[in-house]
Amino acid sequence: MTEQQMEEKLHTMVDEKRFIHCIGVRDTAEMLAKQYAADQEKARVAGLLHDCAKNIPKDTAVAMCREAGIELKPICLIERGLIHPYLGAYIAKTQFNVTDEDVLQAIYYHTTGHEDMPLLTKIIYLSDMIEPSRQIPRLQELRDLAMRDLDAALIQCINSTITHVLGKGSVLDCDTVAARNFLVMEKRKLAAEK
């Protein structure tokens, strides 16, 4: 399936606001991939499809996951927003014919992150936060940092996510904490080596 075909199919699956967001993530991911010498085509596809399951109602998404054999963590049944990345990776594979494991992993972890993320996963996680249609405090500062220091921008992005989740009184996925801690420890290790 060509990227144009993927874009057309995605447009039928998500609402207009989500579609604009997906286009923004695709373009931002391509820009970051170019900046950090990652595969730009993979970044475009992962960015475009990262939210392909976002508009599926929770009960339907849970049923689809069960039918597909996708094992959901218990936290997903509490926090609906944590279901779509897992189902999205499955939909990208089965409905968009994506076979590249790097792309599928980037979609799978774009909401929580995980310890020791590969470059493409980092790019998609960050692009989801900083794409042009997002409106959050100090976003331009984070966008500028993303072009200079990907890991520092990721740490700020994850910190912001954790603050937001805790501020809502919601539960936090352990993968997000592990992702942050790994990045912080790597930064400290690099600083100590200088």
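Things worth noting here:
- Complete set of residues in the stretch 52-82 that are surrounded by 14 or more Cβ atoms within 10 Å (Cβ to Cβ) and in contact (Cβ under 8 Å) with a residue 60 or more places away in the chain: K73, I75, E79, L82
- Taking the listed residues Y36, Y86, Y90, the one that is among the hydroxyl-bearing types (S, T, Y) and closer than 30 Å to R148 by Cβ is Y36, with no other qualifying.
- In the condition set (1) among the acidic types (D, E); (2) free of Cβ contacts under 8 Å to residues at least 60 places away in the same chain; (3) open to solvent by 60 Å² or more (accessible area, probe 1.4 Å), D102 is compliant with all but (2).
- Qualifying positions in the stretch 97-132 - of a type in the set (D, E) and assigned to a helix (DSSP H, G or I): E101, D102, D128
- Flag if R143 is closer than 27 Å to C52 by Cβ, in contact (Cβ under 8 Å) with a residue 40 or more places away in the chain and open to solvent by 30 Å² or more (accessible area, probe 1.4 Å): no
- Where helices (runs of 4 or more DSSP H) fall entirely within the stretch 16-93, those with at least 2 residues that are of a type in the set (A, V, I, L, M) and over 25 Å from S170 (Cβ atoms) are at 16-35, 40-49.
- Conditions (1) open to solvent by 20 Å² or more (accessible area, probe 1.4 Å); (2) at pLDDT 95 or above: number failed by I123: (1)
- Out of K9, K58, K34, sole residue that is at pLDDT below 95 and over 16 Å from the mean Cα position of the chain (by Cα): K58
- Every residue from the stretch 17-30 that is surrounded by 20 or more Cβ atoms within 10 Å (Cβ to Cβ) and not charged (D, E, K, R): H21, C22, V25, T28, A29
The values are calculated or read from the model by the stated rules, or taken from the named source; none is laboratory data. Since the structure is predicted, the reported quantities are computational estimates derived from the model, not experimental observations. So basically every Cβ, Gly included, is an ideal-geometry build from the backbone, and we count neighbours across all protein chains shown. With ligands, DNA and RNA removed, areas are computed over all heavy atoms of the protein, side chains included. Shrake-Rupley method; radii C 1.70, N 1.55, O 1.52, S 1.80 Å.
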